[in-house]
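Below: the structure, in structure tokens.
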């Protein structure tokens, strides 16, 4: 007897789960399409070399690698143990890997299909990704990303439109209290320069700063020290973050104050760009945050992160990555995007009970047709077909059975109506409808049954 | 510079592809839901032991296996080469695998969640599966299966309803010339007994018979001999298939004739069951075919296969498998299902040009808004938002650019309308709409623009 649990960190989605997931995905698709974004899908499996080296050292480790097959595996496994080291083992044994995010495959697709794609390619992609992470509460090894990206323009109109589209999605889902934190990699670079962090240590500093929310200023100071950044620079850095973020009130004034605090640190050009985004996306809850760092190394410009008060971590994030597509093709093509985490959104919506009743209390059918006896099966199937052609979702009890058992099953699957088709009803071309909520029972001529259920 | 092609046997789906796939999937879902089937999703990755041994020896070989990670891999790779053999290598190096079909995961889920699921569980599942097959025309290593299964009943009502649902789907998609071939594993067993094939050779014989369509009677005779089935039995077997299939006319008569030819070979009980399916699904193009074998070993009762004249191979198939769920749980639960091959359906629909025009000639947006200058970006974004709130899909040219270039891009993405917002239009709260098909241009007040596009 085989084990029946899904693999570690993976989940089965029963019908009630799938319906909630599809409700959220449906709204995401609809809004992205209203902004002119088009759907793209890429394979779950990529060549290992496509993924390796794109996500940093930690990322490489978390990629699920697929074993070579047949002869190739036997040949590759024929090296002697003395030669073996871990990275060598990987190269010898694996040639394919599971998709780790949707951004690297997009960059590959854009480089590969450049001539078939429009000059500006606006795409969304909603697919699972896999990471060999240690499973924890809310952290899975298979999860969905809902990505939206615009390829081919450096204009800050793109950043603004992405923010507007994401805002529209979250509002349609019923979120009223989210914040889109905005920063720019050059703001961070200028702050690091001002604080005296040497250029070659910027990457280290960003990794530490990225944890400010989680471990606080003290924790970051400690990590900066561990990563070889001098105490003076670290103190000044944290000071600048404190100063530039001094908040005057809760409205638009906040962003203006932060910008003015940055004037002597950050170049005018970048501040103008940020100003444009803030103006264009004026209706969106954007909050400038000079300490926002984002983990991924491929970002080159604006970076975003969406937070809600009751969730540690973010609902999603993104940024501009003008250098990534060039890793796959001759041409350097500017790009910017957002990724929403489906599971994060679902967790908050579940806790806050944000699903509309038709999703939260869904049933497999509008009506169940009973089966009276072996001899009347054909007639029950015919009634079901009639009700379906009137637009109803109809399930048929699958076999002749005691009436009580059939009603018990109808209760179990929570159908609102049962259509009873006994010998009397069949003889008179009628059907008895039972309203499962009120218990009320009424007999109709067959043609009127569907209308009465609706 | 990394390679940009997708992995061997895998495909990228650009927007036009995704739209066609989603059109077909949408109809499949809608019909299955109208029959009371509920959505289920399972992980792409399963424990290796869940899959091994369920698909026969050939199947085991075609399963994509995932390499163990980190410490576990290093430990497992530490065996000496003298001990190594292929199956051992696999067990040492791999613990997970990619989903190979949707039936085995369903059996696992049913055994695992028995108490949460209704007594009869009717589910559909539309997800990709992966097979390390040699890629060929129309054969991919990642492809979608659209499965529908009913769990918990042995009644032939199930077979009939599945046939009716699949028929409804294919008709909705526009197929008029498909045939659902029907057989029963016991019909095959009784024919094999009558021909004198010993019981322990039934499996071998079925593998050979499964190829009748591809390699003809002569080829099957040869393969039967190779598999150690005596010449007398082989000749009689092929004779019975010829006799029982003698076709009298094109109508219902065919099935009746076949049944009458089977009377002395097959038990009454099975023929009665088959008769029920033929009666219940009377409106469906079902064709009894005593030689239909189906490759998979887990079928125990009725088996189906859907064919169209212009496609070698089938659009889908299925059958009853009353023993599979018991491999995962204490309880033996009857089950029956159908699997449609999305790619097969798409290939035929593409060749026959069966897609409706709104799918075949789709565009990313109903209208594109131009950008006049840096100063008018905010106004263009505002117009786009107005048009969206009127229900239109709107894309905005992402940056100030020469008018000619903006129009060229609009042409490239095939939008039907362009909304020109120049300085004059802004000053007068108007917008100029250009119909991209006729070239006609007209200026409207902003409030009326959306209505004119619709």
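The values are calculated or read from the model by the stated rules, or taken from the named source; none is laboratory data. This structure is a prediction, so every number in the text was calculated from the model and none was measured. Quick reminder, even Gly has a Cβ in these numbers, built from the backbone with ideal geometry, and neighbours come from all protein chains shown.
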Please work out if residue B:310 is within 24 Å of residue B:140 (Cβ to Cβ) and surrounded by fewer than 23 Cβ atoms within 10 Å (Cβ to Cβ).
yes
Say whether the condition of being within 44 Å of the chain's Cα centre (by Cα), without any contact (Cβ under 8 Å) to a residue 24 or more places away in the chain and either crowded, with 17+ Cβ neighbours inside 10 Å or closer than 21 Å to residue A:159 by Cβ (or both) is met by at least one residue in the stretch B:415-426.
no
Yes/no for residue B:182 being crowded, with 20+ Cβ neighbours inside 10 Å and in a strand (DSSP E or B)
yes
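Assess whether residue A:105 counts as being buried (at least 20 other Cβ atoms within 10 Å of the Cβ), part of a helix (DSSP H, G or I) and modelled with pLDDT of 90 or more.
Values: buried (at least 20 other Cβ atoms within 10 Å of the Cβ): yes; part of a helix (DSSP H, G or I): yes; modelled with pLDDT of 90 or more: yes.
When the stated conditions are applied, residue A:105 passes them.
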Here's a check for you: in the stretch B:382-413, which residue that is more than 9 Å from every other protein chain (Cβ to nearest Cβ) and not in a helix (DSSP H, G or I) is nearest to the chain's Cα centre (by Cα)?
B:390
Quick check on residue A:434: is it surrounded by 12 or more Cβ atoms within 10 Å (Cβ to Cβ) and under 25 Å from residue B:117 (Cβ atoms)?
yes
Taking the stretch A:58-96 and keeping residues more than 9 Å from every other protein chain (Cβ to nearest Cβ), at pLDDT 60 or above and either loosely packed, with under 11 Cβ neighbours inside 10 Å or within 18 Å of residue B:134 (Cα to Cα) (or both) leaves A:58, A:68, A:71, A:72
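Working carefully through the options A:55, A:23, A:32, find the one that is modelled with pLDDT of 95 or more, more than 7 Å from chain B (Cβ to nearest Cβ) and more than 23 Å from residue A:364 (Cβ to Cβ).
Result: A:32 is the single residue among A:55, A:23, A:32 that is modelled with pLDDT of 95 or more, more than 7 Å from chain B (Cβ to nearest Cβ) and more than 23 Å from residue A:364 (Cβ to Cβ).
Condition check ((1) surrounded by 17 or more Cβ atoms within 10 Å (Cβ to Cβ); (2) touching a strand residue (DSSP E or B) at 6+ places or on another chain (Cβ under 6 Å); (3) at pLDDT below 95) across all residues:
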| residue | (1), (2), (3) |
| --- | --- |
| A:328 | yes, no, yes |
| A:337 | yes, yes, no |
| A:345 | yes, no, no |
| A:361 | no, no, yes |
| A:369 | yes, yes, no |
| A:381 | yes, no, no |
Considering each residue of the stretch A:187-229, count those that are touching a helix residue (DSSP H, G or I) at 6+ places or on another chain (Cβ under 6 Å) and over 22 Å from residue A:307 (Cα atoms), and give that number.
12
In the stretch B:108-125, residue surrounded by the fewest Cβ atoms within 10 Å (Cβ to Cβ) [restricted to those that are free of Cβ contacts under 8 Å to residues at least 60 places away in the same chain and at the interface with chain A (Cβ under 8 Å from one of its Cβ atoms)]:
B:116
Residue check, residue A:158 against (1) over 17 Å from the mean Cα position of the chain (by Cα); (2) modelled with pLDDT under 95, all met but one. Which one?
(2)
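Of A:162, A:206, A:212, A:224, which residue is in contact (Cβ under 8 Å) with a residue 24 or more places away in the chain and crowded, with 23+ Cβ neighbours inside 10 Å? It would help to see each step written out before you state the result.
Values: A:206 fails: crowded, with 23+ Cβ neighbours inside 10 Å; A:212 fails: crowded, with 23+ Cβ neighbours inside 10 Å; A:224 fails: in contact (Cβ under 8 Å) with a residue 24 or more places away in the chain.
Matching residue, one of A:162, A:206, A:212, A:224: A:162.
State the number of residues belonging to the stretch A:1-20 that are under 21 Å from residue B:22 (Cα atoms), in contact (Cβ under 8 Å) with a residue 12 or more places away in the chain, under 19 Å from the mean Cα position of the chain (by Cα) and within 8 Å of chain B (Cβ to nearest Cβ).
First pass over the stretch A:1-20, keeping only residues under 21 Å from residue B:22 (Cα atoms): A:13, A:15, A:17-20.
Filter again for in contact (Cβ under 8 Å) with a residue 12 or more places away in the chain, leaving A:15, A:19-20.
Adding the requirement that they be under 19 Å from the mean Cα position of the chain (by Cα) leaves A:19-20.
Pick out the ones that are also within 8 Å of chain B (Cβ to nearest Cβ) and you get A:19.
Selection size over the stretch A:1-20: 1.
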Scan the stretch B:35-52 residue by residue and report those that are more than 18 Å from the chain's Cα centre (by Cα), under 22 Å from residue A:4 (Cβ atoms) and either touching a residue at least 60 places away in the same chain (Cβ under 8 Å) or at the interface with chain A (Cβ under 8 Å from one of its Cβ atoms) (or both).
B:45, B:46, B:47, B:49, B:50
Looking at the stretch A:190-239, which of its residues are over 34 Å from the mean Cα position of the chain (by Cα) and at positive phi?
A:196, A:228
In the stretch A:171-189, is there at least one residue being within 17 Å of the chain's Cα centre (by Cα) and within 14 Å of chain B (Cβ to nearest Cβ)?
yes
Within the bounds of the stretch A:229-236, is there any residue that is closer than 15 Å to residue A:316 by Cα, more than 14 Å from chain B (Cβ to nearest Cβ) and surrounded by fewer than 16 Cβ atoms within 10 Å (Cβ to Cβ)?
no
